[in-house]
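Engineer: To start, I am sharing the structure in question, which I have written as structure tokens.
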Amino acid sequence: MKVSITKSELKGKVTAPPSKSYTIRGLMCAALAKGKSEIIRPLSSDDTEAAGKVLGQLGASIHKKGDCWQVMGGHLEPPTEDLFCRDSAATFRFMTAICSLVPGRCRLVPGSSLSKRPITPLLQALGQLGVNCRAEGASVIVDGGRLKGGTAELPGDISSQFISALLLIAPLAEEATSIRLTTPPKSKPYLKMTLDCLEKFGVKLQASEDLMEFEASKQEYRPACYQVEGDWSSASYLLALGAVLGEVTVTNLNPESLQADKIMLNLLKDMGARVLVSGDAVTVQRSELKAITADLSDCIDLLPTLAVLAAVADGTSRFTGIERARLKESNRVAALSEGLKRMGITVIEEADRLTIVGSEPEGSVIDSQDDHRIAMAFSILGAVTGGTTINGAECVAKTYPEFWGILKSLGGKVEIDVK
């Protein structure tokens with residue numbers, strides 16, 4: 001599918017979609033709790049559907065009724081077929097750990113994009129806890145049924161999802177479990193989100209202040225009624241549209257959220273955007289933007305949004321802490337560099353830094369590289385310049401299936417070609 005975008009003026013109010021990260025964490029915890037849990041206002045997207053289907057194959061019953069998913073959990077059983085995780089990294093990594101609790105063999109299979117992303121550090125850490133697991137090509141084999149526990153060490157600077165995966169299962173190990181990081185963690189807010197979700201389901205872990213060490217005693221998950229808050233990552237594109245194209249109000253955003261990408265508010269203000277926060281609503285008005293320098297180590301998913309804003313800002317922006325963005329659905333650093341250059345923007349790409357010289361971009365044809373965040377980010381520039389086509393635009397279904405319709409509802413001049 002391709003989307004053609006004409007220069008647009010935007011104005012309106014939209015509700016932020018539910019958080020993907022919290023939806024998946026809630027589903028995992030509910031599946032581990034004995035009894036019925038309710039997930040209120042979950043996100044329905046490719047990634048969350050992947051998580052739900054895999055959990056269903058392991059015996060968790062998920063009944064979807066409007067804005068509530070009822071989950072009967074606590075009795076996981078061996079699957080009768082492979083667990084296909086699509087391209088959901090959180091599902092693949094979290095389920096690799098959870099399969100250690102399932103008596104019998106589980107084979108987890110990633111989608112084509114996900115197969116290129118790392119998994120070895122998690123497998124090594126699980127091995128230290130007594131789990132028999134291994135990689136077999138791009139897939140993972142877990143012979144579960146016994147999670148001994150003890151101490152596991154792993155690096156903290158590759159993916160916070162490895163650590164979150166261990167946090168999910170640590171309370172269910174036979175012995176008290178310690179998780180120690182050999183390098184400082186990146187994306188700390190995501191670890192706090194995991195700990196927060198565990199607490200909602202009755203599990204409390206001890207964490208050091210620097211999040212380098214975690215201690216888990218033997219505990220049981222308890223069923224919960226879990227409400228999913230709005231997604232700051234998806235909202236970042238909507239807020240950015242307001243900053244360059246008119247006035248956009250986004251509701252369903254928790255100003256006290258633990259989500260890393262809530263920092264988008266501060267970064268927009270740093271760029272000179274007019275931002276108004278009122279309760280759960282954020283309004284951003286078109287502004288003359290200025291360049292910024294920012295370390296994105298803890299909010300790496302904001303790189304695409306900020307990169308396209310930097311392309312129209314006055315001055316030279318520099319983003320550091322971005323090396324892990326090369327290990328996402330695409331090599332996002334390279335994808336952004338390629339797309340911005342095609343639109344006439346000067347970009348300097350380094351290992352852990354991206355420098356962008358603001359200018360007047362021109363419309364072009366952009367390859368989404370099957371990456372939802374690349375597609376949504378370049379829609380912002382496309383609406384600024386017009387004359388822009390985004391190929392592979394269907395990839396937004398991974399986290400925000402309604403995105404193109406929402407853009408049109410705000411006044412975006414969008415033509416969709418599904419051929």
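Every read-out reported here was derived from the displayed coordinates using simple, explicitly stated rules and does not represent laboratory data. Because the structure is predicted, anything quoted here is derived from the model rather than measured. Heads up, the Cβs are rebuilt from the backbone with ideal geometry, glycines too, and the neighbour counts pull from every protein chain shown.
Engineer: Any chance you could give the angle, 0 to 90 degrees and rounded to 10, that helix 188-200 forms with the longest Cα principal axis of the chain?
Structural biologist: 50
Engineer: Between Lys290 and Lys36, 0.36 nm times their residue separation minus their Cα-Cα distance comes to what?
Structural biologist: Contour length minus Cα-Cα distance gives 86.4 nm.
Engineer: Using alpha-carbon pairs under 8 Å, 6+ residues apart, how would you state the relative contact order of the range 20-217 in percent?
Structural biologist: Rounded, it is 17 percent for the range 20-217.
Engineer: While we're looking at this one, here's another question. Bin width 5 Å, alpha-carbon pairs only: give the P(r) of the range 20-217 as whole percents, running from 0 to the bin holding the largest distance.
Structural biologist: Percent of pairs per bin, in order: 1, 8, 18, 22, 23, 17, 9, 2, 0.
Engineer: Roughly what angle does helix 20-32 make with the longest principal axis of the chain, taking Cα atoms, 0 to 90 degrees, to the nearest 10?
Structural biologist: 10
Engineer: Where a ≥ b ≥ c are the square roots of the eigenvalues of the C-alpha gyration tensor, would you call the range 231-327 rounded, which needs a/c under 1.5, or, failing that, prolate if a/b is larger than b/c, or oblate?
Structural biologist: Details: a/c = 1.99, a/b = 1.17, b/c = 1.71.
The shape class here is oblate.
Engineer: Same structure again: Give the span of the range 116-216's Cα atoms along each principal axis, as three whole-Å numbers ordered largest to smallest.
Structural biologist: Here the Cα extents, ordered largest to smallest, are 36, 29, 22 Å.
Engineer: Per DSSP H run of n ≥ 4, the term is -39500 (n - 2.57); total these for the chain, divide by its residue number, and report the mean residue ellipticity at 222 nm rounded to 500 deg cm²/dmol.
Structural biologist: Working: 12 runs with 128 residues, N = 419.
Mean residue ellipticity at 222 nm (helix-derived): -9000 deg cm²/dmol.
Engineer: Compute the long axis of helix 46-57 from its Cα atoms, compare it with the longest principal axis of the Cα atoms of the chain, and write down the angle in degrees, 0 to 90, nearest 10.
Structural biologist: Compared with the principal axis, the helix lies near 10 degrees.
Engineer: For the chain, can you list the cysteines whose C-beta has no other cysteine C-beta under 4.7 Å from it?
Structural biologist: Cys29, Cys68, Cys85, Cys133, Cys197, Cys225, Cys299, Cys395
Engineer: What number does the range 175-243 give for Rg over Rh if you use C-alpha atoms and the Kirkwood radius?
Structural biologist: Numbers: Rg = 15.8 Å, Rh = 14.4 Å.
Taking Rh as the inverse mean 1/r over Cα pairs, Rg/Rh reads 1.10.
Engineer: Note the direction-averaged projected area, equal to a quarter of the hull surface, for the Cα convex hull of the range 83-137, in nm². Could the numbers behind the result be given before it?
Structural biologist: On the way: hull surface 13.9 nm².
Quarter of the Cα hull surface area: 3.5 nm².
Engineer: Between Ala176 and Lys65, what's the calculated FRET efficiency when r is the beta-carbon distance and R0 is 41 Å? Round to 0.05. Don't skip to the end; give the middle numbers.
Structural biologist: Numbers: r = 39 Å, r/R0 = 0.94.
Plugging the Cβ-Cβ distance into 1/(1 + (r/R0)^6) gives 0.60.
Engineer: Using only the C-alpha atoms of the chain, find the volume of their convex hull and express it per residue in Å³.
Structural biologist: Numbers: hull volume 52.3 nm³, N = 419.
Once divided by residue count, the hull of the chain is 125 Å³.
Engineer: Computed over the Cα atoms of the range 340-419, what is the ratio Rg over Rh, Rh following Kirkwood? Mind showing how you got there, number by number?
Structural biologist: Details: Rg = 13.2 Å, Rh = 13.4 Å.
Reported Rg/Rh (Cα atoms, Kirkwood Rh): 0.98.
Engineer: Same structure again: Which longest run of the chain has no exposed loop site in it, a site being GluC sites (Glu not before Pro) in a DSSP loop with at most 16 other beta carbons within 10 Å, and the site itself not part of the run?
Structural biologist: Maximal segment without exposed cleavage sites: 82-173.
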